[in-house]
Amino acid sequence: MAIKVAYEMTAAAGQGDAFAQALAELAAVVRPLPGCDGVDILRKQNNGEQFLFIESWLSNEAYAEASKLVPQTAFAPLKPLFGAPPVRAVYNAQ
């Protein structure tokens, strides 16, 4: 079953644009992974420091296997920009 993995993320005050750029770079790493069916980055209209990073996967197994392929360095640009810890949720695609 296809899944969506959603991360609610908040950038530190004044870091929304830098955070958006770092998310775009992360998406470029995730999109070509086997089993990935796309990545969406959403920025909240009334708060430019809040984001949703949504990954689409063919299955839980595809997500689990592809997660092993992402280098930890891919997250390094985001870490100093976080205003709060990310919140992860997994949804079944209907």
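The values are calculated or read from the model by the stated rules, or taken from the named source; none is laboratory data. Bear in mind the structure is a predicted one, so any value in this text is a computation, not a measurement. No Cβ is skipped: glycine too gets one built from the backbone with ideal geometry, and neighbour counts run over all protein chains shown. SASA here: full protein model, heavy atoms, side chains in, ligands and nucleic acids out. Shrake-Rupley method; radii C 1.70, N 1.55, O 1.52, S 1.80 Å.
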> Comparing A22, A84, A12, which has the greatest mean-square fluctuation in the GNM of the chain with Cα pairs linked when under 10 Å apart?
Replying inline: A84
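Of the accessible area of region 20-94, with the probe set at 1.4 angstrom, what percent is carbon plus sulfur? Intermediate results must be reported in sequence, preceding the final value.
Working: 2630 of 4730 Å².
That fraction is 55 percent.
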> Taking the Cα centre of region 1-43 as origin and charging only Cβ (+1 Lys, Arg; -1 Asp, Glu), how large is the dipole, in debye to the nearest 20?
Replying inline: 60 debye
>> Could you tell me the ratio Rg/Rh of the chain? Both radii from Cα atoms, Rh via Kirkwood.
In response: 0.97
> Can you list the lysines whose alpha carbon is less than 29 Å from that of K44, not counting same-chain residues fewer than 8 positions off?
Replying inline: K4, K79
>> Taking the solvent-accessible surface of protein heavy atoms with a 1.4 Å probe, what is the per residue accessible area of the chain in Å²?
In response: 60 Å²
>> List residues of region 58-94, by number, whose backbone nitrogen lies under 19 Å from a label position 7 Å along Cα→C-beta of A24.
In response: 74-82
>> For the chain, set up a GNM with springs between Cα atoms under 10 Å and report which of V70, V30, V39 has the largest fluctuation.
In response: V70
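Please report, in debye to the nearest 20, how large the charge dipole of the chain is about its Cα centre when each Lys and Arg carries +1 at its beta carbon and each Asp and Glu carries -1 there.
Details: 7 positive and 9 negative charges, 24 e Å.
In total the dipole reaches around 120 debye.
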